[in-house]
Amino acid sequence: MLAAVFHGPRDIRLEDVPEPSPKAGEVLVRVLQAGICGSDLNRFHYGSHPWPPGFVMGHEFCGEIAAVGSEVTAWQVGQPVVVEPTLYCGTCFYCQQGYYNRCVDFAARGITGSGTNGGFAEYVCVPAYQPHRQPPTLPPALGALVEPTAVSVHGWHLAGVAQPDSVVVVGIGNIGLLAVLVAKAKGAKQIMAVGKYAPRQELAQRYGASVVLSPDDPKLTERILERTDGLGAELVLEAAGTPSSLRMAVDSARKGGKIVVLGVFHEEVSLDYRHILMTEKQIMGSIIYQRQDFADAIDILGAGAVDITHHVTSEVPLREIVTGGFLPLSESKAEHIKIQVMPQA
């Protein structure tokens, strides 16, 4: 079968590799669609994870069951599935409490260098607990968006704010735009998005933002205060992962407001903790998701309340994953939001 094999920074090779066979407790998935994530892009350029030679990336993918291993009774050949890529021990303190996203041995298929291949291949074997049923209302392009949507759903659930009167989403890349979509689906009364690039700003409004503000606006905080009766937002979702975006998120929240950090940071951030102390603002990190978050993401996308077909800006065959996927994403952030790979094309 064909697979995109990672060998090092900017070195992904299309190779003919043996098709895997499912072991006991596993299923073989025929991959139909797989998204290129920002973390994939970072590893493509810098290779910062200790990935083993011959590793296959790709943790946002869907497909259909092609074969089942022994001891598997929940799945049948031909069933469409979305794969949740999480791998966890199931026995540590956190897993026993139901927080497997905090597992001491946590790994994710196609991303953490655990030796488990991901979806940038025609086929991949996964434990039988990883797939979720993909409803008929969810075409492959949306099926491959479930994973990043679940990231935003988990942050929402972690905040524990039911139908907030005001939400600010800082950053309107892939995760931020999906955070806007989730906020709308969860009943937020007013959603303000902060981000650059006209195509993304248009999508943010289409997904539910009442206004899109520029991060370069020197009066940004004032404009948010104007729209929240001088209070600030009840909930802020930070989705850019930069020092300035986190400070922006803190400034946008009201006293006692919640700031959920979805963005992945690559540098240290300094904050005015006296301000946080005096205003009782709550900052919480949010890492990936849990199974119910994944199921909720499937429901949100499957409901089709908002047309998000333009979220996927390009679909390319697996053979063009570098020239048509990684390189365009690297060169044109303004043009592309999500590029997906079609291994069967």
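The values are calculated or read from the model by the stated rules, or taken from the named source; none is laboratory data. All values derive from a computational prediction rather than experimental measurement. Please note: Cβ atoms are built from the backbone with ideal geometry, for glycine as well, and neighbour counts cover all protein chains shown.
Some notes on this structure:
- Against the list (1) within 20 Å of the chain's Cα centre (by Cα); (2) surrounded by 21 or more Cβ atoms within 10 Å (Cβ to Cβ), the condition Ala233 fails is (1).
- Single match in Glu238, Glu226, Glu222, Glu202 (criterion: of a type in the set (Asp, Glu) and buried (at least 22 other Cβ atoms within 10 Å of the Cβ)): Glu238
- Once the stretch 268-284 is narrowed to residues that are in contact with a Gly (Cβ under 9 Å, 6 or more places away or on another chain) and not in a helix (DSSP H, G or I), the residue that is farthest from Leu235 (Cα to Cα) is Glu280.
- Qualifying position, being out of contact with any Leu (no Cβ under 7 Å at 6 or more places or on another chain), under 29 Å from Asp16 (Cβ atoms), surrounded by fewer than 21 Cβ atoms within 10 Å (Cβ to Cβ) and modelled with pLDDT under 95, among Glu335, Glu331, Glu320: Glu331
- Looking across Leu225, Leu203, Leu237, one residue alone is modelled with pLDDT of 95 or more and over 24 Å from Lys333 (Cβ atoms). It is Leu225.
- The stretch 82-99: number of residues that are in contact with a helix residue (DSSP H, G or I) (Cβ under 7 Å, 6 or more places away or on another chain) and part of a helix (DSSP H, G or I): 1
Yes or no, residue by residue, for (1) β-branched (Val, Ile, Thr); (2) outside the structural domain of Gln130 (by TED's automatic domain parsing); (3) closer than 21 Å to Ser330 by Cα; (4) without any contact (Cβ under 8 Å) to a residue 12 or more places away in the chain:
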position: Gly25; (1), (2), (3), (4): no, no, no, no
position: Cys37; (1), (2), (3), (4): no, no, yes, no
position: Met57; (1), (2), (3), (4): no, no, yes, no
position: Leu87; (1), (2), (3), (4): no, no, no, no
position: Tyr94; (1), (2), (3), (4): no, no, no, yes
position: Arg102; (1), (2), (3), (4): no, no, no, no
position: Phe106; (1), (2), (3), (4): no, no, no, no
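- Matching residues, the stretch 119-128, being touching a helix residue (DSSP H, G or I) at 6+ places or on another chain (Cβ under 9 Å) and not aliphatic (A, V, I, L, M): Phe120, Glu122
- Among the residues examined, Lys184 qualifies as surrounded by fewer than 22 Cβ atoms within 10 Å (Cβ to Cβ), under 22 Å from Ala297 (Cβ atoms) and among the basic types (Lys, Arg).
- Annotation note: Cβ proximity below 6 Å between a residue of the stretch 198-211 that is at positive phi and a residue that is modelled with pLDDT of 95 or more and of a type in the set (Lys, Arg) (sequence gap 6+ or interchain) occurs for Gly208/Lys184.
- When residues in the stretch 186-213 are screened for being touching a Gly at 6+ places or on another chain (Cβ under 8 Å) and either in a helix (DSSP H, G or I) or among the small types (Gly, Ala, Ser) (or both), 6 of them pass.
- Residues that are farther than 19 Å from Asp293 by Cα, crowded, with 19+ Cβ neighbours inside 10 Å and either within 25 Å of the chain's Cα centre (by Cα) or modelled with pLDDT of 95 or more (or both) are absent from the stretch 84-106.
- Failed criterion for Ile65 (all others in (1) of a type in the set (Val, Ile, Thr); (2) out of contact with any Leu (no Cβ under 8 Å at 6 or more places or on another chain); (3) within 16 Å of Val124 (Cα to Cα); (4) modelled with pLDDT of 95 or more hold): (2)
- Val81 surrounded by fewer than 21 Cβ atoms within 10 Å (Cβ to Cβ) and farther than 14 Å from Ala121 by Cα: no
- Of the residues Thr137, Thr116, Thr149, the single one that is touching a residue at least 12 places away in the same chain (Cβ under 8 Å), part of a loop (DSSP other than H, G, I, E, B), among the β-branched types (Val, Ile, Thr) and under 19 Å from Gly302 (Cβ atoms) is Thr137.
- Unmet criterion (only one of (1) touching a Pro at 6+ places or on another chain (Cβ under 9 Å); (2) within 19 Å of Pro148 (Cα to Cα)) for Gly187: (2)
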